Amino acid sequence: MAFFNSSTSTGLNSGAAAAAEKDVEMSDPPTDSISSLAFSGQADYLAVGSWDNSVRIYEVGAGGQSQGKAMYQHEGPVLSVCWNKEGNKVFSGGADNAGRMRTQVAQHDAPIKVVKWVDTPQAGILATGSWDKTIKYWDLRAAAPVATVQLPERCYSFDIQYPLMVVGTAERHMQIFNLTNPTTPYKTMLSPLKWQTRVVSCFTASTNSGFAVGSVEGRVAIQYVEDKDSGNNFSFKCHRRDSTPTTKDAAVVFAVNDISFHPVHGTFSTCGADGSIHFWDKDARNRLKTFDPAPGPISTTAFNRNGTIFAYAVSYDWSKGHSGCTPGHPNKLFLHACKDDEVKKRPRKV
């Protein structure tokens, strides 16, 4: 594990930033596209995965200042990072087909797109989802996976709020698992959205009866697991721009890159290839906040453990493939101090 530049970012309470209450730009960001962010569940440490093959860990102070603390490398782009429940281990998966905790702890036959920690009543397990059309469960004490689940297609995204796990794959397949029976899907379905799945995110633990799914066409669906709740399912458009100021029917659509649920209030954020971020209340079905547009795509986001800090990356998101990766794309990390009126639910209008 290597340490990198120990300079710190400017805090929210410094003279320059306090006047405008602007979001804080973090120092020493990765040198290539930023793919994944994850806060520890125990303290304000932020893990960052990047296409420069690195996993970086930052300490974030109460005033918004940040400092790089550690870094380790994959042999290919890092696509996903996560923490264990105790907040003392970082896991990562990448295009080198490996899952790592500094040293390798998981292996697939194709790139690992997502890593998630599963805190079961019996033990902690690492779950890895890959483009080899499998999810594997790993006990870190063993070299081989304890179980493997065959998926209908390549894993594009999955999320866990134990015991719920939701997996989104290529060709719009979705599989829902009750992790008390982790190898057999509880339910299978096609995405309620018509275009490629980009991200799935489970509701917060207190309301883990459903999930949100975002697609490449600038649309999000709110989906409940049980059929009895299907009347609450809905979808909405976001991350779109009118092609001309007077044309409402010809919108330019952008990929929804990430969806993050607030850990306390259950509201959520979306970010997109259009460089915008929005906070939403799914129950009232309204938008709580819109951020000022960024100078590039927002590739990934994360709330800290109590929802007071919101981290986001301004970075190329690969939504337009290799041809869209032109020189000059920013690679920046920002911290936003969340205000109550931005993230608290509001009464639904009748």
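Miscellaneous remarks
- Within the stretch 43-66, being of a type outside the set (Asp, Glu) and in contact with a Gly (Cβ under 8 Å, 6 or more places away or on another chain) holds for Ala43, Tyr45, Gly49, Asn53, Val55, Arg56, Ile57, Tyr58, Gly61, Gly63, Gly64, Gln65.
- Screening Ala110 with (1) modelled with pLDDT of 95 or more; (2) assigned to a strand (DSSP E or B); (3) among the aliphatic types (A, V, I, L, M) gives one miss only, at (2).
- Boolean, Ser92 is modelled with pLDDT under 95 and either within 24 Å of Val199 (Cβ to Cβ) or crowded, with 20+ Cβ neighbours inside 10 Å (or both): no
- If only residues of the stretch 68-85 that are part of a loop (DSSP other than H, G, I, E, B), surrounded by fewer than 23 Cβ atoms within 10 Å (Cβ to Cβ) and modelled with pLDDT of 95 or more are counted, the one that is farthest from the chain's Cα centre (by Cα) is Glu75.
- Looking across the stretch 178-199 at every residue that is over 19 Å from the mean Cα position of the chain (by Cα) and not in a loop (DSSP other than H, G, I, E, B), the one that is nearest to Cys271 (Cα to Cα) is identified as Leu190.
- Residue within the stretch 262-282 that is in contact with a strand residue (DSSP E or B) (Cβ under 8 Å, 6 or more places away or on another chain), in a strand (DSSP E or B) and of a type in the set (D, E, K, R) present: yes
- Qualifying residue in the stretch 207-229 (condition: among the charged types (D, E, K, R) and without any contact (Cβ under 8 Å) to a residue 12 or more places away in the chain): yes
- Selected residue [of a type in the set (Val, Ile, Thr) and in contact with a helix residue (DSSP H, G or I) (Cβ under 9 Å, 6 or more places away or on another chain)] from Thr169, Thr197: Thr197
- Set side by side, the residues Arg287, Arg346 differ, and just one is touching a strand residue (DSSP E or B) at 6+ places or on another chain (Cβ under 7 Å), touching a residue at least 60 places away in the same chain (Cβ under 8 Å) and either surrounded by fewer than 17 Cβ atoms within 10 Å (Cβ to Cβ) or of a type in the set (Phe, Trp, Tyr) (or both), which is Arg346.
- Thr204 fulfils the conditions (1) within 19 Å of the chain's Cα centre (by Cα); (2) modelled with pLDDT of 95 or more; (3) not small (Gly, Ala, Ser) except for a single criterion, (2).
- So Lys320, is it basic (Lys, Arg), assigned to a loop (DSSP other than H, G, I, E, B) and either surrounded by 19 or more Cβ atoms within 10 Å (Cβ to Cβ) or out of contact with any strand residue (DSSP E or B) (no Cβ under 8 Å at 6 or more places or on another chain) (or both): yes
- Index of the failed condition, Arg305 passing every other in (1) among the charged types (D, E, K, R); (2) modelled with pLDDT of 95 or more; (3) more than 23 Å from Arg56 (Cα to Cα); (4) in a loop (DSSP other than H, G, I, E, B): (3)
- Number of residues in the stretch 320-336 that are out of contact with any Ser or Thr (no Cβ under 9 Å at 6 or more places or on another chain) and more than 12 Å from Ala294 (Cα to Cα): the value is 9.
- In the stretch 28-57, of all residues being over 23 Å from Asp96 (Cα atoms) and among the small types (Gly, Ala, Ser), the one that is surrounded by the most Cβ atoms within 10 Å (Cβ to Cβ) corresponds to Ser40.
The values are calculated or read from the model by the stated rules, or taken from the named source; none is laboratory data. Worth saying up front: this structure is predicted, and the values here are computed from it rather than measured. Here the Cβ is made from the backbone with ideal geometry for all residues, glycine too, and neighbour counts use every protein chain on show.
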